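Student: Questions regarding the structure given below will be posed in turn.
The values are calculated or read from the model by the stated rules, or taken from the named source; none is laboratory data. Here the structure is a predicted model, which is why all the values come from computation and not from measurement. We place every Cβ from the backbone using ideal geometry, glycine too, and count neighbours over all the protein chains shown. Heads up: the accessible areas ignore ligands, DNA and RNA and are worked out on the full protein's heavy atoms, side chains in. Shrake-Rupley method; radii C 1.70, N 1.55, O 1.52, S 1.80 Å.
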Amino acid sequence: MTTIWAGLSSGAIYVVAALGYNVVYMSSGIFNFAQAQLMMIGTFIAYVSGSVLGLPIVMNFLLAGAVCLVISVLVEYGAIRPVM
C-alpha cells in the first residue's frame, strides 16, 4: 500500500509540473524551465520561515508564495519578454 501512495504522490507532482509547462507554453509560446527552481526556492523559504523564524504554517505558505511571485515576475520581465 505504501508503494501505491508513493507512486500516486510522485505522479501528482509530475502532473502539476506538466500542467505548469503547458500553461506557460500555451500562453506565451515559450518554454519556461524555471518551475523546478521556483518549487525548490518556495520549499526552502517555507522550511526556513517555519523552523528558523517560527512562523505559523499559513504565514509560511504566504511568504513562500510571495517570494516565488516576485522571482517569477523578475524572470518574466528579465528573460522571457525580451525573447518574445
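Student: I'd like the full set of residues that are modelled with pLDDT of 85 or more and either within 14 Å of VAL24 (Cβ to Cβ) or touching a helix residue (DSSP H, G or I) at 6+ places or on another chain (Cβ under 6 Å) (or both), limited to the stretch 73-84.
Tutor: Passing the criteria: only VAL73.
Student: Hey, another quick one. Can you pull out every residue in the stretch 28-40 that is assigned to a helix (DSSP H, G or I) and open to solvent by 100 Å² or more (accessible area, probe 1.4 Å)? Spell out the reasoning first.
Tutor: Taking the stretch 28-40 and keeping what is assigned to a helix (DSSP H, G or I), we get 28, 35-40.
Result: MET39, MET40.
Student: Checking ARG81 against (1) under 12 Å from the mean Cα position of the chain (by Cα); (2) loosely packed, with under 13 Cβ neighbours inside 10 Å: exactly one of these is not met. Which one?
Tutor: Only one criterion is unmet by ARG81, namely (1).
Student: Given the conditions (1) under 17 Å from the mean Cα position of the chain (by Cα); (2) modelled with pLDDT under 90, report the number of the one that ALA66 does not fulfil.
Tutor: The single condition ALA66 does not satisfy is (2).
Student: Right, something else. May I ask you to list pairs of residues, at least six apart or on different chains, whose Cβ atoms are under 6 Å apart, with the first in the stretch 1-20 being within 21 Å of MET40 (Cα to Cα) and the second being assigned to a helix (DSSP H, G or I) and not charged (D, E, K, R)?
Tutor: Going by the 6 Å Cβ cut-off, the qualifying pairs are GLY20/GLN35.
Student: Against the conditions (1) more than 18 Å from the chain's Cα centre (by Cα); (2) among the small types (Gly, Ala, Ser); (3) modelled with pLDDT under 90, where does ALA36 fall short? Just the number, please.
Tutor: Evaluating ALA36 over (1) more than 18 Å from the chain's Cα centre (by Cα); (2) among the small types (Gly, Ala, Ser); (3) modelled with pLDDT under 90 leaves (1) as the failure.
Student: Scan (1) closer than 20 Å to ILE13 by Cα; (2) open to solvent by less than 90 Å² (accessible area, probe 1.4 Å) for the single condition GLY54 breaks and write down its number.
Tutor: For GLY54, the failing item is (1).
Student: Being more than 30 Å from PRO82 (Cβ to Cβ), surrounded by 16 or more Cβ atoms within 10 Å (Cβ to Cβ) and either in contact with a strand residue (DSSP E or B) (Cβ under 8 Å, 6 or more places away or on another chain) or of a type in the set (A, V, I, L, M) (or both) is the filter here, so list the residues in the stretch 41-51 that pass it. Walk me through it before giving the result.
Tutor: Going through the stretch 41-51, the residues more than 30 Å from PRO82 (Cβ to Cβ) turn out to be 46-51.
From what's left, surrounded by 16 or more Cβ atoms within 10 Å (Cβ to Cβ): 46, 49-50.
Correct list: ALA46 only.
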